[in-house]
């Protein structure tokens, strides 16, 4: 008895640190109480109606809950295929494919740059034969698949189309998403390959092709998640992402796209971090801003093309390696914010995701968290349950103002493309990240278990550690060499030559050529090498 | 923002911050670079996707006092070993190598045995990183 008591951790700590300052993490001052006269937009309108502050559907989640989409994939296609089948059996409704860095950056597994990274942060997918294994026994006409892929998005999408062709699934039945948002890669995620302008061309190619060939597929997911996780505030996250969205719209219009048509397939992707009301209000504000911009700036009349559809990740850098089980609570609160904010799909991070690939145990808790919010919390029973709250409407207005201010700053710089080419946005983000860090260091921002409320002798152990099979990368290389022996190499060369001819013409859509390359089992590295020869590589502006 | 007590701790030091491998998460590297500069150091940042050979060459050419490698993709075992090997080959084994990022505790012993002079986890206070570096560089 005495021994057990001694072992008990001290959990009776008082809240000795003063309450947090009444300011949101984006720097918006919060009044002690919001009274009706302080609210500009007292009637936020109806969900499903312009400007969609309260949501894009009139009945919210009544007809259909959000898509539960957990990010997973590692090692070989065979291992990932087994994990996907497990997740589908557990009730997951969509797949999300994580790719390894060589695939994301356009290096084949045998490239010296690739070797240490094969299968590390996702599955290695160097050519169509690997994708055939990845989706073996999975009906592509029924399951929606999301690929977190950017630099090589056009190639992976072409591979997916070719994979469906091979399996006899009609292209028009394909559903899913490719991230395909290169602009934020230059700012935060780093899997860029080509210079900005040819990259924008590839994105326009995928969207225009997809609108016709795979009309139910989302050919882009314009992502604020990565800049946010890197250090941007919620206001900046929305502002940068909306600005990137406008850059894509402009490029598509320049290429002759019909905005009333392609805008229906644009979707967005964000992080949800811990300040619940700011998170809810950023989504309400962004829905309104996007709808207004499309209507007023581009004359979009079809309401379906004005909709701001988005998925989210809950967790990321809001999670800590210190006292990792606290992350389960954080993710639960963030999931509630995502649902109250009206997300179309949600990915919940596992509590150990801050430092490793999740284990099956932690991945299951993450999935169950969403199911608890969906089926037990009662939140999805009515649309926008916080709508009409004086505080929520007030904060939504303030978020909208602040987001528009940052967008105006980018416009003043000349738009996102020069801001990225010059390294201006990157620098701004690095400084913001440093400042966020200093606030944690100085306890201005309290992170429970990390900079405050630590147990005596706290050791931040993680329990079970997931280890990759060390033989996985050897198997990937073996399979790579085998397909290069087995395929018709002359046909590969012909398909690559045709791709290059098309790439030399400015307005030729490259997608049909890329699909042809994939059908011939050309590899991601081979395709990228040819296109690099044509377009060069992005020269990173290193500014500090 | 920066702590006044720390403004001169690294004055006169030249430090190379490098991103080996394909990992594109550079914000940690940049935060450290800014923090070291705030502490008076002269910081050179390589940018993304550098090979260990390139990093060793820059370290020698720029005559730096320390190299900091930032890695979050899980490839630190291989890439740190290669970088130290390249420094040795370039006759620069005396330049201390520090590592930061997502480095599981169980890999620390291995990295130290390779000759790594210090490992900074992502949850350390910036002032502590600066202080430890200043102590190590004398």
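Each residue in segment A:411-430 was checked for being surrounded by fewer than 16 Cβ atoms within 10 Å (Cβ to Cβ) and within 14 Å of residue A:233 (Cα to Cα), and 0 pass. Among the numbered conditions (1) part of a loop (DSSP other than H, G, I, E, B); (2) within 14 Å of another protein chain (Cβ to nearest Cβ), the only one that residue B:40 does not meet is (2). Flag: residue A:146 does not match the condition of being assigned to a helix (DSSP H, G or I), more than 14 Å from chain B (Cβ to nearest Cβ) and over 23 Å from residue A:355 (Cβ atoms).
Kindly check whether there is at least one residue in segment A:49-69 that is closer than 30 Å to residue A:479 by Cβ, surrounded by 14 or more Cβ atoms within 10 Å (Cβ to Cβ) and modelled with pLDDT under 90. Yes, the conditions are met somewhere in segment A:49-69. No other residue among A:420, A:483 is more than 28 Å from residue B:35 (Cα to Cα), in a helix (DSSP H, G or I) and in contact (Cβ under 8 Å) with a residue 12 or more places away in the chain apart from A:483. Selection of segment A:155-200 for residues being away from chain B (no Cβ under 14 Å) and on the phi > 0 side of the Ramachandran plot yields A:168, A:176, A:180. Inspect segment A:356-369 for any residue being touching a strand residue (DSSP E or B) at 6+ places or on another chain (Cβ under 9 Å) and within 14 Å of another protein chain (Cβ to nearest Cβ) and give the result as yes or no. Checked segment A:356-369: at least one residue is touching a strand residue (DSSP E or B) at 6+ places or on another chain (Cβ under 9 Å) and within 14 Å of another protein chain (Cβ to nearest Cβ). Residue-level check: of (1) crowded, with 20+ Cβ neighbours inside 10 Å; (2) outside any helix (DSSP H, G or I); (3) modelled with pLDDT of 95 or more, residue B:103 misses just (3). Has segment A:511-524 got at least one residue that is surrounded by fewer than 18 Cβ atoms within 10 Å (Cβ to Cβ) and either more than 14 Å from chain B (Cβ to nearest Cβ) or at pLDDT below 95 (or both)? Yes, segment A:511-524 contains a residue that is surrounded by fewer than 18 Cβ atoms within 10 Å (Cβ to Cβ) and either more than 14 Å from chain B (Cβ to nearest Cβ) or at pLDDT below 95 (or both).
Looking only at residues in segment A:74-125 that are assigned to a helix (DSSP H, G or I) and within 12 Å of chain B (Cβ to nearest Cβ), which one is surrounded by the most Cβ atoms within 10 Å (Cβ to Cβ)? Looking at residues that are assigned to a helix (DSSP H, G or I) and within 12 Å of chain B (Cβ to nearest Cβ), I get A:103. Screening residue B:34 on (1) within 11 Å of chain A (Cβ to nearest Cβ); (2) in contact (Cβ under 8 Å) with a residue 12 or more places away in the chain; (3) buried (at least 17 other Cβ atoms within 10 Å of the Cβ) shows it passes everything except condition (2).
Go through A:434, A:438, A:398 for me and flag whichever is within 14 Å of chain B (Cβ to nearest Cβ), closer than 17 Å to residue A:234 by Cα and touching a helix residue (DSSP H, G or I) at 6+ places or on another chain (Cβ under 9 Å). Don't jump to the end; show me each part of the working.
Details: A:438 fails: closer than 17 Å to residue A:234 by Cα; A:398 fails: within 14 Å of chain B (Cβ to nearest Cβ).
From the options A:434, A:438, A:398, the qualifying one is A:434.
Report whether or not residue A:302 is at pLDDT 95 or above, over 25 Å from residue A:46 (Cβ atoms) and surrounded by fewer than 24 Cβ atoms within 10 Å (Cβ to Cβ). Against the criterion (at pLDDT 95 or above, over 25 Å from residue A:46 (Cβ atoms) and surrounded by fewer than 24 Cβ atoms within 10 Å (Cβ to Cβ)), residue A:302 does not qualify.
For segment A:454-476, taking the residues that are crowded, with 18+ Cβ neighbours inside 10 Å and modelled with pLDDT of 90 or more, the one that is nearest to the other protein chains (Cβ to nearest Cβ) is identified as A:476.
Can you tell me which residue is farthest from the other protein chains (Cβ to nearest Cβ) among those in segment B:43-61 that are in a strand (DSSP E or B) and within 14 Å of residue A:544 (Cα to Cα)?
First pass over segment B:43-61, keeping only residues in a strand (DSSP E or B): B:43-45, B:50.
Going one step further and asking which of them are within 14 Å of residue A:544 (Cα to Cα), we end up with B:43-45.
Values: B:43: 6, B:44: 9, B:45: 6 Å.
For segment B:43-61, the residue satisfying everything is B:44.
In segment A:189-240, which residues are assigned to a strand (DSSP E or B) and under 22 Å from residue A:164 (Cα atoms)?
Going residue by residue through segment A:189-240, those that are assigned to a strand (DSSP E or B) are A:217-218, A:220-223.
A:217, A:218, A:220, A:221 - these are the residues of segment A:189-240 that are assigned to a strand (DSSP E or B) and under 22 Å from residue A:164 (Cα atoms).
Checking the stated criteria, residue A:205 turns out not to satisfy the condition of being within 14 Å of chain B (Cβ to nearest Cβ) and at pLDDT 95 or above. If you filter segment A:532-544 down to residues that are more than 14 Å from chain B (Cβ to nearest Cβ) and under 25 Å from residue A:425 (Cβ atoms), you find that the one that is surrounded by the fewest Cβ atoms within 10 Å (Cβ to Cβ) is A:536.
Restricting to segment B:106-129, count the residues that are assigned to a strand (DSSP E or B), within 14 Å of chain A (Cβ to nearest Cβ) and either exposed (fewer than 15 other Cβ atoms within 10 Å of the Cβ) or in contact with a helix residue (DSSP H, G or I) (Cβ under 8 Å, 6 or more places away or on another chain) (or both). Give the steps one after another, and end with the answer.
First, the residues of segment B:106-129 that are assigned to a strand (DSSP E or B): B:118-121.
If we keep only those that are within 14 Å of chain A (Cβ to nearest Cβ) as well, we get B:119-121.
This time we only want the ones that are either exposed (fewer than 15 other Cβ atoms within 10 Å of the Cβ) or in contact with a helix residue (DSSP H, G or I) (Cβ under 8 Å, 6 or more places away or on another chain) (or both), so: B:119-120.
Qualifying residue count, segment B:106-129: 2.
Which of the residues belonging to segment A:396-410 are surrounded by fewer than 23 Cβ atoms within 10 Å (Cβ to Cβ) and under 13 Å from residue A:40 (Cα atoms)? The answer is A:397, A:398, A:401.
The values are calculated or read from the model by the stated rules, or taken from the named source; none is laboratory data. Keep in mind it's a predicted model, so treat the numbers as computed, not measured. Methodologically, a virtual Cβ is constructed for each residue, glycine included, from the backbone with ideal geometry; neighbour enumeration extends over all protein chains shown.
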